[in-house]
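Below is one structure, written out as C-alpha cells, with a few remarks after it.
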Amino acid sequence: MQLLAFNKSLIPSLEDSFSSADQLERLGELHEELAGLVQGKVELSSLEKYKNALISKKLLRHKDSGIRALTACCISDIMRLYAPDAPFTESELCDVFRMFLSQFRLLRDPDNGNFIQQTYLITRLLECRSIVLITDLPPSKKLVEELFQVFYEKNSNQFASKLWKIIGGLLTEVVTECDTLSMDVLRLIFNAFLTHESREQNTLKGLTVSRDSSFEFSLIICESATNRLGRHFSKFYSEILYGITNENEGIQSVFDPSYRTLTKLHKLTSYIWQYTPDLVHSVIGFVYQELCSDNVPLRLAATQLVTDILSFQTTLNFVTTHTDTFQIWLSKMADISPKVRVQWVKSVPKIIKSRADISEEIAKGISKTLIDTDETVRLQSIRSLSALSVDLVWERLRADTIFKELLHLIRDKSKEVREECISYVCQFYDDSLNAGLREKHLQQRNTESFWEVVAKIPTSIFNLYYINDPNINMQVDSLIFHKILNLGLDEEARYQRLVSIVTSLNSKALSSFFAFNKRQIQMNKAMNSLFEMKNEKLEKLVEWLGSTLPSQHEPVAVFYKFLELNDSRINHLIKVSTNNETNYTTLKNSLHELKVRLEDQELFRKKGIRFGTFFSRESFNKVILLSVYRAAPLIYNVSGIPYLLKNYKVENDSTVDENMTQVIQNISEINPLLFKSQISSLSSLVTESKDKSNVSKHEELKTLYKIFKAFPIEENLEDSYLLEKLEDFARTGNVLESKYAVKILALIPDENKRGKLMSLLKTSALPLEFSPESPLQLCNNLSIISQLFKVDFDLLKIDCNDITTFILKDVLVTNEFFEDLIEKEQSLDWIADDDLLKKDHWPITVKLLCFELLTNRMLSEAKLTDTDTSLETVFHKILKLFLYFVSNGGEVINEEYEKRFPTPFAYQRRVRCHAGLQILKLAKVAKFNKWIESKFIFKLINLVEDECFPVRYEFVNKLKNYISNEAISIKFIPLIFFMPFEPDNQFKTDTKIWINFTFHKETAKRGAIFERSLPRLLHCIAHHPDIEENLSDDATEDEFMAASNAAIDYVLFFLDTVLKPESINLLYYLTGRVKQYKDLLTDAPTSIYVVSELVQMILNELKQIKSLNLAVYPGKLNLPSDLYTPFENMELAQANTFKTFIKDEYTQLLRQKIKFKCNKMVHGSSTTSKQQRQQRQLTSEYRQPAIPKKRKNHNNESDNDEDMSNDQSIYPSPLKSNGGGPQRKSTRTKKSIDYNEDENENE
C-alpha cells in the first residue's frame, strides 16, 4: 500500500509560521503527490491529516486564488482516493462544493492564472464521478441549481470549446443521478435550444457567429441522458401545458400571453426534435391531445409544432414513428376552424422544401384546401404554392388535381383569391416553359397528365375575357403580355410560344385570342387619334377609351390629364409604340423608355402641371401604359411574320400547321398590312406541291386571297406561274380550292386580263352536266359558276335560266344521278365541312353548292337590278325552295315515285341546315328582308329545335353572329329564344350568355329591340306546332296544360334576360296590346290570346317576387303590321280585350306552375341569375363614391326595320304629356286610340 510522503503543514501556526508563497508551494507539492497516487492502493490513514486540513475555512476561503485553486485540486484527489466513500461530512461537502462552484465560474477566463488547476479539478470530478455526491446533500436542489447556473448564466465570455465535453459530461452525471430536477434547472437546459436558434436566425447571412456553450452543454446532456431527461422533459412540458390551459379560462385567443408561452414551448420541442428526436417521444402524446382539443388556439399551435417537426430531417422519421399523430395532423386540412386550416396550409412550403416522402399526402391536402368554403383558406393555399419554386412544384407536387382546382379559382367570387390565382398560374406557366420543366421530368410519373392541365392555363386565361369585367380584363391583359406570351423572350422563342399557345387553345379561347388581337387594331386607331381629335370627337373618344378600363382608376380624368401634360417625348414614344410597322426590338425599347418616363416623380412638376387628387400616380401610369400595350403590335408584329412563314409547314405535326394557318389567316383578316413585304413568300406557299404540306391548300389560298384583297397591286398578280396554278386550282382542285382561286383571279386589276380569265373559266364550267366518269367535275363547275355570279354577274346573265333549270330539275329534287352511293351513307350522323372535301361525299357537296349558287345569284342580281318586280318573283321561288327543304327536314324526294332514292339522313340534316343558313344570308339584303314574311321565319324554329345538335349549333351560331353585327332584321330575334329545351347544357349556357351580353349593348338598349320583339315572340309561340292546336277550346286539360307549360318556359327564357324594373311597364303594355288586335295568320286566333294572358300572369308574378313597380305605360305603340291587324271598330276591340281566354278551372293550376317556375328562375341557378350575382359582386369589389355627371339627352335613331317607327321614345317620362299646351302638375291627359294608325307603319 502506498503512503503519503508529504509531511509539511498546510496551515501556518504559531509553532510553524510560513508565508503565503510557501503555503502555495506546499499545496503544489501535495497536489502533485496526490495526483500520482492510485485509487485503492493508498493507505487512507496517511491522508487523514491532510483531508481535515484541506477543508479548513482558512484554505477554502483563502484570499489567494492560487491557494484556493490548489486546495480544490487536492480535495478532488482526496475524494478520488476515498471513493466510493465520502471523505467528508455533509456540511463539509456543502462547503467543498460551494468552493468548487466558485472555481467553475473562473473557467470562463482562460487567462485567470489558475486555469490549469481549474481544468484539472473539473476533469477529476467527472472521471471519478465525485460530482454525483452533490445530489445526496440536504441542499442538493439549491446546489444543483447553482451548478447549472454557473455554466448556463448569460455572459459574454464563453467557456473554452475544449471544456464543452467535460462540462457537458459533468452535468450529465448530475442529471442522471438526480431523481428530480427543478423547473429552473430544466428551463436552463431546454431554453438553451431556444437561445441558440434565436442567435442563428438573427445572424446576418454570410456572417459567422460564436458557438453558444450552453447549447452545447444541453445537447450533450440530451444525447447522453435521453431516457432520464425524457422523463424530466415530459414533466417540464406537462407542467407548463397544465399551467397555461388551466389559468383563468385557458387560452382564449392567439393574443393571450399564455398562447405565447405555448408557442415558445412548441418551438423548444421542435428544436429538441431537430437535435435529439428521441427526447421528444415522451411528449408526443400531449401533442396528439392538443391536435384533438376543442380549443382552437391549442390546435393552431399544435399544427404549427408538427409542421416544424416534419420540416426537420433527423435520424427518426416522424411519419413512421408517430403515425397516429401524423394522420391527425394531416386531418387538420379539414379542421372545423378555418384558422386551423389556414395554419395547416401555411406549413406546405416549409415541409415540401425539406422532404419529399410525404409530398403525395400534401398534394391531396392542397387539392382540398383549394376548394375550401372559406376564402382565407383558398387564398393561403395559393400563397403557399407561390412560395415554392416552380422546380419544386414539378418535382414534388406534380398533381394535376391541384392545377385543375387552380383553374377554377381564377373565377373565384373573392377578388383577392381570384387575382392571386390568376397571377400565380400565369407565372407558373411562364416559368415552366422558360425552364423546360416538362422535358426535364418527361420520364417521371404523372408528367404528361400534369402538363395536360398546365397547358390549359392559356385557354382558361383567355376565357376570362368572357366575364367582361374591366378589372379582370386589366389584370389579364398585363399577364398575357408579360407572362403568357412573355414579351421578354427573343423573337424566335416568342413566336414558338405563340404557336404552342394557339395550338393549346380550345375553340372558345381561340375566338377570344383572335378578338384580343382585333382589339389591338381598334385601340391602335384610337390611341393614334387621341393626338389629333378635338372638341366633341375627342370627348367621345376619351369616354370610349375610359369605358374599357376600371372606373376606380378614373380613366377619363387620366386621359384628360395626359393630354394636358402633352410631353413631346412621351407622345413620340406612344406613336412609335403604336405604329404597326415598328419592329419588335424598337417596340420593346420604346415601351421600356415610356415606362421609365411615366414613373419619373418630377414629370408633372417639370411641366408646371398640378396633378390633382382624383387619381393616384399609380393609376395614371397603369391606365396610360395598359392603353399603349393594348394598342401596340406586340403579338402580331411585322418582324415576326418572316419567322411564321419560314417555319410554316416545316413541322411534322398537322395540328401545329393547322393552327399556324389559323394565326396567319387571322393576321390577314385584322391587319393584312403586316404581309405587305411577304407577298412573294405567300405566293410560293400556294405554288408548292401539296405533298410538302400538312395544311389544306384551300387554307393557303384563303389566306392569299385576304392579302391580295387588301393589296390589289398589279405586281402581286403578274406572276404567270402563279396565275397558271390558280387556274389549275379553279378547274381541278376541290370545291374550296376552286372557290378561292376564282376569288383571287377576280382581283386582277387589269380588266382585260381579268375578263379573259373569267371567260375561260365560264367556258370550262358551262354547260353544267353530270358525268358518271368524273362526278367531281360537276362540283368544280358549280363552284366556279357560284363565284362568277358574285364577281361578274353580267358574264352569266344570259345563262341564268339554264343554270337554274339544271339545278332545280337535275340536282336538288332528284337523287338518281348518285343512286349507287345512297346505301353507303345511311350509317352517318352528320357531314362535317372537312367531309365535304372527300370524294365519297360529292353528292351532298353538289346539292350544297347549288344552294350557294342560287344565293350568290340573288345577291348579285339585287345589286344590279333596279326593278323589283321580276327580282321579287325569282326571289320568292328560291326562298320557297329553301323553306321547302327546311320544312321537310332536307328530304324532297316524293315517296310515291317509283324509282325513289331517299336522301341519307346525314345528307338531310346538312341540306336543311344549309337551306336555313341561305335564308339568313339573303335576309342581310334590305329588299330581300322586306320580302321575307314573318310566317316564313316561323319555319326556321324547326332548325333552332332540330333533333340534330350540329344543325342547331350551326344555325344558332350564324343567327347570333348576324344579330350581333346588326346584319339582319329584328324580325329574326324571337328565334333565339326557342332554346329553353336545348339538351346540350353548354350550348344553352353559351347562348344565354350571348343573349345577356347583346341585350346590354348600347345599340340594343337605345332601340329597345329585345323588348319590342315580344309581340313577335308571342306570335311565334302561339303558332308553334306543339302549342297552337293544344290551346284551342277543343283541347283536353292535359293537352292544354302541356302546351301552356311549354309556352311558359319559352316566355321565362325571354324574360330572364329582358325583364328589368324600367322595362316591365313596356312589356306589360305590349302584352296587353296583343288582345286589341287580330291575328293576320288565322281567323280564330285563340292561342295568341291565351299566350298573351299567360305572359300577363307571369309578369304579375315576377312583379311580386322582384318587388317591381308596375305602372301604366305612358306611351302608345303599334304592333307589327305583318302579324297583327286592328279590329274593325272600337267595340270589338274592347270586347276582345275584356274577354278571358283561359278557362277558370285552369287558372289556379297555371298560377301555381307560374309561381314555381318564376321563383326557380329568380332564386335558382339560371345563367342570367348567376351573371347578375357575379356582376353585382364584381361591381361592389371596386365600388368608388360616384361623381355626379351631366345627364345627356339621346335621341333615338330610326331603324329601317322598326315595328314602332312613329314613336319618339320607347320609355317616355310618365310626367310628360303627349298633348299640346301647358298642363297643371296634377292633370292627367286622356289619350285617344287610333286603331288605323299602324296602316302607315313601315315594317
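Taken together, the values in this text are just the output of simple stated rules run on the coordinates, not laboratory data. All figures in this text were calculated on a predicted structure; none of them were measured in a lab. Every residue, glycine as well, gets a Cβ built from its backbone with ideal geometry; the counts of neighbours run over all protein chains shown.
Between amide H atoms placed 1.01 Å from N, distances below 5 Å from Lys1078 occur with Thr1125, Phe1127, all of them 5 or more places distant or on a separate chain.
Quote the FRET efficiency, to the nearest 0.05, computed for Lys1155 versus Asp600 with a Förster distance R0 of 56 Å and r equal to the Cβ-Cβ distance. Let's see the in-between values first.
Details: r = 64 Å, r/R0 = 1.14.
Approximately 0.30, to the nearest 0.05.
In degrees from 0 to 90, rounded to the nearest 10, what is the angle of the helix 751-765 Cα long axis to the longest principal axis of the chain? Roughly 80 degrees, rounded to the nearest 10.
Output the direction-averaged projected area (hull surface divided by four) of the convex hull of the alpha-carbon atoms of region 20-192, in nm². Walk me through the intermediate numbers first.
Numbers: hull surface 39.9 nm².
Hull-based average projected area comes out at 10.0 nm².
Take the residue pairs Lys415/Lys456; Lys413/Lys924; Lys676/Lys1005; Lys534/Lys863; Lys753/Lys863 and return only those whose Cα atoms are more than 30 Å apart.
Over 30 Å apart, Cα to Cα: Lys413/Lys924; Lys676/Lys1005; Lys534/Lys863.
Taking packing as the residue-averaged number of other Cβ atoms within 10 angstrom, the listed peptides 338-349, 938-949, 592-603, 271-282 run from highest to lowest as 338-349, 271-282, 938-949, 592-603.
Convert 20 °C to kelvin, take the viscosity as 1.002 mPa s, use the Kirkwood radius over C-alpha pairs of region 36-105 as Rh, and evaluate the Stokes-Einstein diffusion coefficient in µm²/s, rounded to a whole number.
173
Remark: spin-label model distance Leu24-Thr869 equals 14.6 nm, labels positioned 7 Å along the Cα→Cβ axis. For Val42, the residues 5 or more places off, or on other chains, whose built amide H falls under 5 Å of its own are Gln2. Stretching Ser774 away from Glu947 to a fully extended chain increases their span by 58.8 nm, per 0.36 nm per residue minus the current alpha-carbon distance.
For Thr373 and Ser161, what does the FRET efficiency come to when R0 = 56 Å and r is the distance between their Cβ atoms, rounded to the nearest 0.05? Present the calculation step by step, with values, prior to reporting the outcome.
Numbers: r = 56 Å, r/R0 = 1.00.
The calculated FRET efficiency here is 0.50.
What are the semi-axes of the equivalent ellipsoid of region 518-635, taken as the square roots of 5 times the eigenvalues of the Cα gyration tensor, listed largest first and rounded to whole Å?
Numbers: eigenvalues 86, 63, 33 Å².
The answer is 21, 18, 13 Å, longest axis first.
Placing pseudo-labels 7 Å out from each Cα toward the beta carbon at Glu361 and Asp64 gives an inter-label distance of 6.8 nm. Per residue of the chain, the DSSP helices (runs of n ≥ 4 H) give a summed -39500 (n - 2.57) that works out to -19000 deg cm²/dmol at 222 nm. Length gained on full extension, Glu153 to Glu532: 128.5 nm, using 0.36 nm per residue less the C-alpha separation.
Placing a label point 7 Å from the Cα of Asp1033 along the Cα-to-Cβ line, the residues of region 1135-1156 whose backbone N sits under 13 Å from it are 1140-1143.
Give me the mean projected area, in nm² to one decimal, of the convex hull enclosing the Cα positions of region 719-952.
Details: hull surface 54.8 nm².
Its Cα hull, projected and averaged over all orientations, spans 13.7 nm².
The C-alpha atoms of the chain define a longest principal axis, and helix 415-435 lies at about 80 degrees to it. Excluding same-chain neighbours fewer than eight residues apart, the aspartates and glutamates reachable from Lys339 by a Cα-Cα span under 19 Å are Asp256, Glu290, Asp294, Asp308, Asp372, Asp374, Glu375, Glu416.
What FRET efficiency comes out for Lys880 versus Phe999 if R0 is 25 angstrom and r is the Cβ-Cβ distance? Round to the nearest 0.05. So, using R0 = 25 Å, E works out to roughly 0.15.
Mind checking the full-extension length gain between Val791 and Arg445? Use 0.36 nm per residue of separation minus the Cα-Cα distance, one decimal, nm.
On the way: separation 346, 0.36 × 346 = 124.56 nm, distance 5.89 nm.
Result: 118.7 nm gained on full extension.
Helix 905-923 sits at what angle to the longest principal axis of the chain, using alpha carbons and giving 0 to 90 degrees rounded to 10? Tilt relative to the chain: about 80 degrees. Inter-label distance, Ala86 to Thr1140: 11.2 nm, where each label sits 7 Å from its Cα along the C-beta direction.
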